[in-house]
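**Student:** Here it is: the structure, laid out below.
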Amino acid sequence: MSQFSYVNDLKSAVRMDEPITNGPAPRWMKKSLESTSSSANTSRKINELLPIKKTPSKTPNKSKSPASRSASNTPAKPKTPGGDRFIPSRMSTNFDISHFKMNQENENLDLSPTQSDYRKAMSENLHGCDINNVRVLSYQNKAPAPPDGYQNALKVVYSQSKTPMNVRGATRYIPHAPDRILDAPEIVDDYYLNLIDWSFSNILAVALGTSVYLWNADTGAIDQLLDLEGADYVTSLSWVPNGNLLGVGTALGPVQLWDASQTKRLRIMNSHSSRVGAMSWNSHILTTGCRNGQLVHNDVRQREHIVATIQSHTQEVCGLKWSTDGRYLASGGNDNLLNVYSGLPGQATYQSEPIYSFSQHQAAVKALDWCPWQTNVLASGGGTADRTIRFWNCNNGQCINSVNANSQVCAILWSKTYRELVSAHGFANNQLTIWKYPSLTKVAELTGHTNRILNLAMSPDGSTVLSAGADETLRMWKCFLPDPNKKKEQEKRSSRPTMLGPGLR
Amino acid sequence: MATKQQSQNAITLKGSAKLVMDYLNFGINSILFQRGIYPPESFKTEEHFGLSILVSTDNKIQQFLQPVLNQMKDWLLEQKIQKMSMVISNVNTKEVMERWDFKLQYEGSGDSNPDSVGNKELTTIQKEIRDVLRQICSTVSFLPLLDCPCAFDLQIYTKPDVDVPQEWAETAPSYIANSQELQLRSFSTSFHKMDTVVSYKADF
């Protein structure tokens, strides 16, 4: 009996001191430990253990019998008349023994030859040498981090298998009739203007003569955003990426900036003296192209908004597009030139000289778009006299490929879903043509417009292409619907534009 | 005549240190390019060891590399360096993504007499170095994509009795959790033997 209780006492003593790593705990800690945990756990444990041996029926808390019975053998039990109060005796905790035991254990850890050998072997494996005989030095003036916004170009190499390259593209079903036709009365039939844009929040902006209308593709609601006066009319529209700001270019030159969520004009920028036919955003920079061939970078946050002025075209600028990563700006003009400028993202240094000036097109270059999966590839299409679509590698300035479209190229859009692109054409068929890239085989021709197509816009989910025709219609083609076998998330997203309301009129 | 011939083809200790440093310089530069750590526009091609090697034109990178390599050359002649690690880590999270170890072994008599002459031909050494540099380029095919902005640092493992200049400080060695290692070819200049090992994160 006495041995049992002694062992128990020893155990409880060791347990009590468990959180203390070095030597006996300070007095306050002992006190708090004893008053909370030890009185609750250890003493009960002892109390429970003891009566189970002898009389299981007895409850230890109620009676003082175990205490009184073993009082002489176990000093841990209070022999106080104080009733329910537990007053510990420090005699039983055996700090000397437990301290010795704990220290012994620690020394064992340090001293054990197998373990120290193991450690040495591990460190040699990790470092290739014994770390104790080595100093690891480094130069304190560190190398700079890569520039902001730079993304590893190798991504193309690695993601090639992930992108839907070998989707059964030719056999997938493409509806040959438009999903929906909206009326667009008084749309200006002018090749050099850019009159539609579809925002990130699924709002389509359409410029009809002097007015700009917003068509909410989710709800079908139509709002008139603005109406210009006099001889002025809207010549270009551009949504800021991932936002609700709309840039509006006008025929007289001033560029207006509108907040579409509040239907409020934020500012007017007088960068040009003639009509602004093309605009493109690069974060806070709105680049505008004008009839006299001038390009202006406007920082919309600053009072003095003109950051740089570029005069590299001799005639009207009709195509303007920043690449998705902001590294390049492409501009096409009526002087048959396609210029590519470099613009480092996040920096205000814009070069006024183009890094490449391509003169291969034999007509005005209006159709421009950057490839979404190869950020350095640009597709461009020429006007009536040219009728070709060309592909450029802007890292080295090479024309990668070209294809004869047999018709004026009015607009080009790359698909986000498939490795394809769609081009919009004029006379003779006024069709949209879907091409596979890079094989440049025709996937489909979508006919329906009765006059040439002016512009293209893509829904934010990438499934729908909207074409604005000179026949005063807007037609929506669901030509890039994701494969139904694909993930459900994509299906959910693509189902958004089906909740269509009434048309524009 | 025979002795003259020998001294022309043979390599001295200084020449060996220069070769090792050249190898490290071009190795580091081509890793920076091949792994896409800095934009490819900031590199230009140079002919070295019969290879066209892409060398960074960024002044800040060169301002970092040149003093480090010059200091290493001094230490190399004193036989103080055991290893040089090029650590590529995520800029934002500081997580180590990749580590290139250049391990040095000292061969030959062991004295640092600058007049001692090696017994290996320069063309053979250059061929060996060329093979390793080619291998570094080819590692792109199996190393995982560094899909985050990355920075690099050089850690030099020296003997304890080395003189540390002011701009240098001791750091903790870097490890990659759950890493995979691959040893590339080695080359030897008859004074120095260089092993190149790349370790990278294995979970991808």
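The values are calculated or read from the model by the stated rules, or taken from the named source; none is laboratory data. Computed from a prediction, not measured in an experiment: that's the story for all the values here. Ideal geometry is used to build each Cβ from the backbone, glycine not excepted, and the neighbour counts take in all protein chains shown. Heavy atoms of the whole protein, side chains included, go into the accessibility calculation; ligands, DNA and RNA do not. Shrake-Rupley method; radii C 1.70, N 1.55, O 1.52, S 1.80 Å.
**Student:** Any idea which of B:79, B:62 is part of a helix (DSSP H, G or I), more than 9 Å from chain A (Cβ to nearest Cβ) and not charged (D, E, K, R)? Step through it out loud before you land on a result.
**Tutor:** Values: B:79 fails: part of a helix (DSSP H, G or I).
Just one listed residue meets the conditions, B:62.
**Student:** Looking only at the range A:447-483, which residues are buried (at least 22 other Cβ atoms within 10 Å of the Cβ), assigned to a strand (DSSP E or B) and not hydroxyl-bearing (Ser, Thr, Tyr)?
**Tutor:** A:453, A:454, A:455, A:456, A:457, A:465, A:466, A:468, A:469, A:474, A:475, A:477
**Student:** Would you be able to say whether some residue in the range B:90-101 is in a strand (DSSP E or B), surrounded by 13 or more Cβ atoms within 10 Å (Cβ to Cβ) and out of contact with any Ser or Thr (no Cβ under 8 Å at 6 or more places or on another chain)? Show your work before the answer.
**Tutor:** In the first step, residues of the range B:90-101 are kept if they are in a strand (DSSP E or B); the result is B:90, B:96-101.
From the residues that got through so far, the ones that are surrounded by 13 or more Cβ atoms within 10 Å (Cβ to Cβ) too are B:90, B:96-101.
Still in the list and also out of contact with any Ser or Thr (no Cβ under 8 Å at 6 or more places or on another chain): B:90.
Among the residues of the range B:90-101, at least one is in a strand (DSSP E or B), surrounded by 13 or more Cβ atoms within 10 Å (Cβ to Cβ) and out of contact with any Ser or Thr (no Cβ under 8 Å at 6 or more places or on another chain), which makes the answer yes.
**Student:** Residue B:81 versus (1) surrounded by fewer than 19 Cβ atoms within 10 Å (Cβ to Cβ); (2) touching a helix residue (DSSP H, G or I) at 6+ places or on another chain (Cβ under 8 Å): which is the lone unmet condition?
**Tutor:** Every listed condition holds for residue B:81 apart from (1).
**Student:** For the range A:88-100, enumerate the residues that are open to solvent by 80 Å² or more (accessible area, probe 1.4 Å) and modelled with pLDDT under 75. Let's see the steps before the verdict.
**Tutor:** Taking the range A:88-100 as the starting set, the residues that turn out to be open to solvent by 80 Å² or more (accessible area, probe 1.4 Å) are A:90-91, A:96, A:100.
Correct list: A:90, A:91.
**Student:** Determine which single condition residue B:125 fails, assuming it passes every other condition in (1) away from chain A (no Cβ under 14 Å); (2) surrounded by fewer than 21 Cβ atoms within 10 Å (Cβ to Cβ); (3) touching a strand residue (DSSP E or B) at 6+ places or on another chain (Cβ under 9 Å); (4) part of a helix (DSSP H, G or I).
**Tutor:** It fails just one condition, (2).
Matching residues to (1) in contact (Cβ under 8 Å) with a residue 24 or more places away in the chain; (2) within 10 Å of another protein chain (Cβ to nearest Cβ); (3) open to solvent by less than 50 Å² (accessible area, probe 1.4 Å):
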residue: B:36; (1), (2), (3): yes, yes, yes
residue: B:39; (1), (2), (3): no, yes, yes
residue: B:45; (1), (2), (3): no, no, no
residue: B:50; (1), (2), (3): yes, no, no
residue: B:71; (1), (2), (3): yes, yes, yes
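**Student:** Follow-up question, since we're still on this one. Within the range A:225-249, can you find the residues that are among the β-branched types (Val, Ile, Thr) and not in a strand (DSSP E or B)? Let's see the steps before the verdict.
**Tutor:** Of all residues in the range A:225-249, those among the β-branched types (Val, Ile, Thr) come to A:234-235, A:240, A:248.
Selection gives A:240 alone.
**Student:** Among the listed residues A:337, A:266, A:257, A:246, identify the single one that is out of contact with any helix residue (DSSP H, G or I) (no Cβ under 9 Å at 6 or more places or on another chain), open to solvent by 20 Å² or more (accessible area, probe 1.4 Å), farther than 22 Å from residue A:408 by Cβ and among the aliphatic types (A, V, I, L, M). Reasoning before the result, please.
**Tutor:** On the way: A:337 fails: farther than 22 Å from residue A:408 by Cβ; A:257 fails: open to solvent by 20 Å² or more (accessible area, probe 1.4 Å); A:246 fails: open to solvent by 20 Å² or more (accessible area, probe 1.4 Å).
Checking each option against the conditions leaves just A:266.
**Student:** So residue A:204 clears everything in (1) aliphatic (A, V, I, L, M); (2) in a loop (DSSP other than H, G, I, E, B); (3) buried (at least 23 other Cβ atoms within 10 Å of the Cβ) except one condition, right? Which one?
**Tutor:** Only one criterion is unmet by residue A:204, namely (2).
**Student:** Right, something else. Any chance the range B:172-184 includes a residue that's within 15 Å of the chain's Cα centre (by Cα) and either under 20 Å from residue A:125 (Cβ atoms) or open to solvent by 20 Å² or more (accessible area, probe 1.4 Å) (or both)? Before you say what the answer is, go through the steps one by one.
**Tutor:** Initially, the range B:172-184 is screened for residues within 15 Å of the chain's Cα centre (by Cα), giving B:183-184.
In the following step, the residues that additionally are either under 20 Å from residue A:125 (Cβ atoms) or open to solvent by 20 Å² or more (accessible area, probe 1.4 Å) (or both) were identified as B:183-184.
Yes; the residues of the range B:172-184 include at least one that is within 15 Å of the chain's Cα centre (by Cα) and either under 20 Å from residue A:125 (Cβ atoms) or open to solvent by 20 Å² or more (accessible area, probe 1.4 Å) (or both).
**Student:** I would also like to ask the following. Contact list please: Cβ distance under 7 Å, first residue in the range A:222-235 and under 19 Å from residue A:203 (Cα atoms) and at pLDDT 90 or above, second residue open to solvent by less than 20 Å² (accessible area, probe 1.4 Å) and among the aromatic types (Phe, Trp, Tyr), pairs at least six apart or on different chains.
**Tutor:** Pairs that qualify, where the first residue is under 19 Å from residue A:203 (Cα atoms) and at pLDDT 90 or above and the partner is open to solvent by less than 20 Å² (accessible area, probe 1.4 Å) and among the aromatic types (Phe, Trp, Tyr), are A:222/A:215.
**Student:** Okay, moving on. Would you please name the residue that is least open to solvent (accessible area, probe 1.4 Å), looking only at residues in the range A:148-177 that are modelled with pLDDT of 65 or more and facing chain B (nearest Cβ under 7 Å)?
**Tutor:** Of the residues in the range A:148-177, the ones modelled with pLDDT of 65 or more are A:148-154, A:171-177.
Now narrow it down to the ones that are facing chain B (nearest Cβ under 7 Å): A:150, A:152-154.
Details: A:150: 44, A:152: 17, A:153: 54, A:154: 33 Å².
For the range A:148-177, the residue satisfying everything is A:152.
**Student:** Could you please give the count of residues in the range B:168-201 that are part of a loop (DSSP other than H, G, I, E, B) and either in contact with a Phe, Trp or Tyr (Cβ under 6 Å, 6 or more places away or on another chain) or within 14 Å of chain A (Cβ to nearest Cβ) (or both)? Outline the logic, then answer.
**Tutor:** Quick first cut of the range B:168-201, residues part of a loop (DSSP other than H, G, I, E, B) only: B:171-178, B:189-191.
Now restrict to residues that are either in contact with a Phe, Trp or Tyr (Cβ under 6 Å, 6 or more places away or on another chain) or within 14 Å of chain A (Cβ to nearest Cβ) (or both): B:171-178.
Residues in the range B:168-201 being part of a loop (DSSP other than H, G, I, E, B) and either in contact with a Phe, Trp or Tyr (Cβ under 6 Å, 6 or more places away or on another chain) or within 14 Å of chain A (Cβ to nearest Cβ) (or both): 8 in total.
**Student:** Got a sec? Which of A:276, A:300 is more than 27 Å from the chain's Cα centre (by Cα), at pLDDT 90 or above and buried (at least 16 other Cβ atoms within 10 Å of the Cβ)? Don't jump to the end; show me each part of the working.
**Tutor:** On the way: A:300 fails: more than 27 Å from the chain's Cα centre (by Cα).
Answer to the check: A:276.
**Student:** I would also like to ask the following. When residues of the range B:131-166 are filtered for being outside any strand (DSSP E or B) and either surrounded by 18 or more Cβ atoms within 10 Å (Cβ to Cβ) or within 14 Å of chain A (Cβ to nearest Cβ) (or both), how many remain?
**Tutor:** Matching residues across the range B:131-166 total 24.
**Student:** Now a separate question. Would you point out which residue out of A:406, A:395 is farther than 27 Å from residue A:183 by Cβ, within 14 Å of chain B (Cβ to nearest Cβ) and not in a strand (DSSP E or B)? Lay out the reasoning, then the answer.
**Tutor:** Working: A:406 fails: within 14 Å of chain B (Cβ to nearest Cβ).
None of the other options fit; the residue is A:395.
**Student:** Please verify whether residue A:502 is of a type outside the set (Lys, Arg), at pLDDT below 85 and either assigned to a strand (DSSP E or B) or crowded, with 20+ Cβ neighbours inside 10 Å (or both), treating the condition exactly as stated.
**Tutor:** Working: of a type outside the set (Lys, Arg): yes; at pLDDT below 85: yes; either assigned to a strand (DSSP E or B) or crowded, with 20+ Cβ neighbours inside 10 Å (or both): no.
So residue A:502 does not fit the description; no.
**Student:** Something else now. Just wondering, is there one or more residues in the range B:27-38 that are at pLDDT below 90, in a loop (DSSP other than H, G, I, E, B) and either among the hydroxyl-bearing types (Ser, Thr, Tyr) or at positive phi (or both)?
**Tutor:** Within the range B:27-38 (the criterion being at pLDDT below 90, in a loop (DSSP other than H, G, I, E, B) and either among the hydroxyl-bearing types (Ser, Thr, Tyr) or at positive phi (or both)), the answer is yes, since at least one residue qualifies.
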